[in-house]
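The values are calculated or read from the model by the stated rules, or taken from the named source; none is laboratory data. Bear in mind the structure is a predicted one, so any value in this text is a computation, not a measurement. Reconstructed Cβ throughout: ideal geometry from the backbone, glycine too, with neighbour counts over all protein chains shown. To get the accessible areas, we keep the full protein, side chains included, count just its heavy atoms, and leave off ligands, DNA and RNA. Shrake-Rupley method; radii C 1.70, N 1.55, O 1.52, S 1.80 Å.
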Amino acid sequence: MARYDRAITVFSPDGHLFQVEYALEAVRKGNAAVGVRGTDTIVLGVEKKSTAKLQDSRSVRKIVSLDNHIALACAGLKADARVLVNRARIECQSHRLTVEDPVTVEYITRYIAGLQQKYTQSGGVRPFGLSTLIVGFDPYTGVPSLYQTDPSGTFSAWKANATGRNSNSMREFLEKNYKETSGQETIKLAIRALLEVVESGGKNIEVAVMTKEHGLRQLDEAEIDAIVAEIEAEKAAAETAKKGPPKET
C-alpha cells in the first residue's frame with residue numbers, strides 16, 4: 001500500500017496532505033492559547049508549564065512582541081515559533097526602513113501565513129508545527145485586530161479565539177460569553193476562558209495586555225492571582241444566588 005505521508009508535496013487520493021494534518025495535530029497537543037479583542041484593549045493568554053526549580057521563568061516566554069504595536073502568541077512547537085517570530089520581526093523592521101511606516105496587523109499576518117503556506121508545497125521541508133494568534137492596533141486607524149494562522153497557511157480575523165490543547169472547549173466558552181468589553185473586563189474574559197482548561201489557577205497562566213497608548217505589557221503573577229481570586233469569588237456568589245436563600249424551618 002502506498003504511503004502518502006512520506007512527502008509533503010504528495011496528495012492522498014482523497015485530497016489530504018497528511019504532513020499538514022500531522023502539523024495540526026502537533027498544535028492540538030501544544031499549550032492552550034487564547035486571544036480576546038476588546039474595544040480599547042487586546043488580551044493574549046497562554047497556558048504555561050511549571051518551570052524547574054532552578055530555571056529562570058523569565059526566559060520561557062510564549063507571548064512575544066513583533067513590533068511596538070503588534071504581539072503574537074502561539075501553540076505548538078516552540079523551536080518552530082522562534083524561527084517564525086524572528087522572520088516576522090525582520091519583516092516588520094524592513095517594512096519600516098523601506099516604506100517609513102509601521103506594518104499593519106493584516107500585513108504581518110499575511111506575511112506569516114504566506115511563510116507557513118510556502119512550507120507546505122516545497123520538497124525537502126516540513127510544515128511549521130504551530131498555530132499563531134496575532135494581535136495589534138492599526139497604526140493608521142487605531143482599530144484593534146486579532147488574527148489566527150495555522151500550519152496550512154490559512155489566516156482569518158476574529159473577535160475572540162483559542163488554539164492549542166482543548167481549544168474547542170475554550171472557543172465554546174467564548175462563543176457563549178463574548179460581548180464587546182473594554183479594559184479589565186476583557187482581561188477577565190480571557191482568563192476565565194483559560195481557566196476552563198488550565199488546572200491550578202493563576203500560577204500556570206501567562207497573560208499579556210496590549211493597549212494603543214502603552215503597547216504590550218506582561219501581567220505579573222500577583223496581578224493574575226488577584227484577577228483569578230476575583231473570578232472565583234464571582235463564581236461562588238453566582239452559585240449561592242442560584243441556590244437561593246436557605247428555607248426557614
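The HN-Hα couplings worked out from phi for region 204-217 by the Karplus form 6.51 cos²θ - 1.76 cosθ + 1.60 (θ = phi - 60°) are 9, 10, 10, 10, 10, 10, 10, 10, 5, 6, 10, x, 8, 9 Hz, whole numbers, x standing for Gly and Pro. In terms of distances greater than 18 angstrom between alpha carbons, the cross-link table entries Lys188/Lys235; Lys48/Lys78; Lys62/Lys235 yield Lys62/Lys235. Treating the angle as unsigned and between 0 and 90°, give the value, to the nearest 10°, between the Cα long axis of helix 78-99 and the longest Cα principal axis of the chain. The helix 78-99 is inclined about 80 degrees to the chain. Across Asn204, Asn31, Asn177, mean-square fluctuation computed from a Gaussian network of the chain (C-alpha pairs under 10 Å connected) peaks at Asn177.
Considering helices alone, the calculated mean residue ellipticity of the chain at 222 nm is -12500 deg cm²/dmol, with DSSP H runs of length four and up weighted by -39500 (n - 2.57) and normalised per residue. In this structure, the amide hydrogen of Leu146, modeled 1.01 Å from its nitrogen in the peptide plane, lies closer than 5 angstrom to those of Trp158, counting only residues at least 5 positions away or on a different chain.
Here the chain has 51 percent of its accessible surface on carbon and sulfur atoms, given a 1.4 Å probe and all protein chains in place.
log₁₀ I(q)/I(0) of region 117-249 at q = 0.13, 0.18 Å⁻¹, via Debye over equal Cα point scatterers, no solvent, to two decimals? Result of the Debye calculation: -0.71, -1.15.
Rolling a 1.4 Å probe over the heavy atoms of the protein chains gives the chain an accessible area of 54 Å² per residue.
When only Cα pairs below 8 angstrom with a gap of at least 6 residues are kept, region 23-77 shows a relative contact order of 40 percent.
Figure legend: label point modelled 7 angstrom from the Cα of His214 along Cα→Cβ; residues of region 33-70 with amide N under 15 Å from it are 40-44. Under a 5 Å amide H cut-off, with hydrogens placed 1.01 Å from N, Thr41 pairs with Gly183 among residues at least 5 apart or on other chains. Would you look at the GNM of the chain, springs on alpha carbons closer than 10 Å, and say which of Arg171, Arg89, Arg61 moves the most? Looking only at Arg171, Arg89, Arg61, the largest GNM fluctuation is found for Arg61. From the list (1) 1.29; (2) 1.03; (3) 1.51, can you say which value of Rg/Rh (Cα atoms, Kirkwood Rh) was derived from the structure given? Label of the calculated value: (2). The string of couplings for region 178-194 from the Karplus curve (6.51, -1.76, 1.60, θ = phi - 60°) is 6, 8, 4, 10, 9, x, 4, 5, 5, 4, 5, 5, 5, 5, 4, 5, 5 Hz, one whole number per residue in order, with x for Gly and Pro. With respect to the chain, whose longest principal axis is taken over its alpha-carbon atoms, helix 167-177 is tilted by about 50°. Cα centroids of region 1-40 and region 172-206: 26 Å apart.
Residues Glu180, Glu213, sorted by accessible area with the largest first, give Glu213, Glu180 [1.4 Å probe; ligands and nucleic acids excluded].
Using a 1.4 angstrom probe on the protein heavy atoms only, line up Lys242, Lys62 by accessible area, largest first.
Lys242, Lys62
Compared with the dominant principal axis of the Cα atoms in the chain, helix 221-243 is inclined by about 60°.
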